[in-house]
1. Return the residue satisfying two criteria in turn: it lies in the stretch 73-99 and is within 16 Å of the ligand (Cβ to nearest atom) and assigned to a helix (DSSP H, G or I), and of such residues it is surrounded by the fewest Cβ atoms within 10 Å (Cβ to Cβ).
2. In the stretch 9-30, which residues are assigned to a loop (DSSP other than H, G, I, E, B) and either within 16 Å of the ligand (Cβ to nearest atom) or of a type in the set (D, E, K, R) (or both)?
3. For the stretch 120-136, does any single residue satisfy the condition of being without any contact (Cβ under 8 Å) to a residue 24 or more places away in the chain, of a type in the set (A, V, I, L, M, F, W, C), buried (at least 17 other Cβ atoms within 10 Å of the Cβ) and assigned to a helix (DSSP H, G or I)?
4. Looking only at residues in the stretch 106-134 that are away from the ligand (no atom under 14 Å from the Cβ) and among the charged types (D, E, K, R), which one is nearest to Arg168 (Cα to Cα)?
5. Is there a residue being touching a strand residue (DSSP E or B) at 6+ places or on another chain (Cβ under 7 Å), assigned to a loop (DSSP other than H, G, I, E, B) and open to solvent by less than 80 Å² (accessible area, probe 1.4 Å) anywhere in the stretch 160-174?
6. Would you say Phe70 is within 21 Å of Trp177 (Cβ to Cβ) and touching a Phe, Trp or Tyr at 6+ places or on another chain (Cβ under 7 Å)?
7. Residue check, Val103 against (1) touching a helix residue (DSSP H, G or I) at 6+ places or on another chain (Cβ under 9 Å); (2) part of a helix (DSSP H, G or I); (3) more than 16 Å from the ligand (Cβ to nearest atom), all met but one. Which one?
8. Filter the stretch 20-46 down to residues that are among the small types (Gly, Ala, Ser) and touching a residue at least 12 places away in the same chain (Cβ under 8 Å) and give me whichever is least open to solvent (accessible area, probe 1.4 Å).
Amino acid sequence: MTQRMWERDLGEARARGVRLVIFDVDGVLTDGSIHLGTIPGGGAVEFKRFDIQDGLGIKLLQRAGIQVAFVSGRFSDATELRARELSVAECHQAADARKIPLVEGILARTGTSWEETAMMADDLPDLGVFRRVGLRAAVANAQPEVARLAHWCARSRGGEGAAREFCRALLIARGEWDGLLEEYERERS
Ligand SMILES: [Mg+2]
């Protein structure tokens, strides 16, 4: 990835048009690791590590009136728990689901167009949806096919602050960051 890509900003007009942000889960909200094990009795357990700073970024998007959705090609209770914790109602996980009809459902329910949708992605399963959205963001360690299509690339890797970096850049480009920060700080003081 070139320094030039990092320096590109989101573009105010494109950022202001966003009404929905879709995050891929594995490799975007996580570093892609899947911790598998069994519990006594043989039941399977799976753990994922989510980044707390990404979580606050997502909360700030929601506070700005932007809807958030998680779309994953792999089912995991951990993802469901994280979505619930962040009040992300549109959380969809299905191993063999076709992602475009799935996202069309989200757009219909949220009254959003492809053009008004942003997506943060890392790998090939994201490409079909990624191509169609109005704003494409990639994690620093995205596969070349994803990075090449992205309007904006994070400096951070997936699961290591990339989502937070995107939320912040998006809100700055929309001119909403300072106001949100003041409001947040006031509430927390
Ligand atoms: Mg992924």
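The values are calculated or read from the model by the stated rules, or taken from the named source; none is laboratory data. The model shown is predicted, which means the values in this text are computed figures rather than measured ones. Because the Cβ atoms are built from the backbone with ideal geometry, glycine has one as well, and the counts that use them run over all protein chains shown. Ligands, DNA and RNA are excluded from the accessible area calculation, which covers all protein heavy atoms including side chains. Shrake-Rupley method; radii C 1.70, N 1.55, O 1.52, S 1.80 Å.
1. The qualifying residue surrounded by the fewest Cβ atoms within 10 Å (Cβ to Cβ) is Ala78.
2. Initially, the stretch 9-30 is screened for residues assigned to a loop (DSSP other than H, G, I, E, B), giving 9-11, 17-19, 25-30.
Passing the criteria: Asp9, Arg19, Val25, Asp26, Gly27, Val28, Leu29, Thr30.
3. Checked against the condition, which is being without any contact (Cβ under 8 Å) to a residue 24 or more places away in the chain, of a type in the set (A, V, I, L, M, F, W, C), buried (at least 17 other Cβ atoms within 10 Å of the Cβ) and assigned to a helix (DSSP H, G or I), the stretch 120-136 yields at least one hit.
4. Within the stretch 106-134, the first condition is being away from the ligand (no atom under 14 Å from the Cβ), and the residues that meet it are 106-118, 131-134.
Now restrict to residues that are among the charged types (D, E, K, R): 109, 115-116, 131-132.
Working: Arg109: 26, Glu115: 20, Glu116: 18, Arg131: 23, Arg132: 23 Å.
Checking each candidate, the answer is Glu116.
5. No - not one qualifying residue is present in the stretch 160-174.
6. On the way: within 21 Å of Trp177 (Cβ to Cβ): no; touching a Phe, Trp or Tyr at 6+ places or on another chain (Cβ under 7 Å): yes.
Taking the combined requirement at face value, the residue does not satisfy it.
7. Of (1) touching a helix residue (DSSP H, G or I) at 6+ places or on another chain (Cβ under 9 Å); (2) part of a helix (DSSP H, G or I); (3) more than 16 Å from the ligand (Cβ to nearest atom), only one is false for Val103: (3).
8. Checked the stretch 20-46; the qualifying residue least open to solvent (accessible area, probe 1.4 Å) is Gly27.
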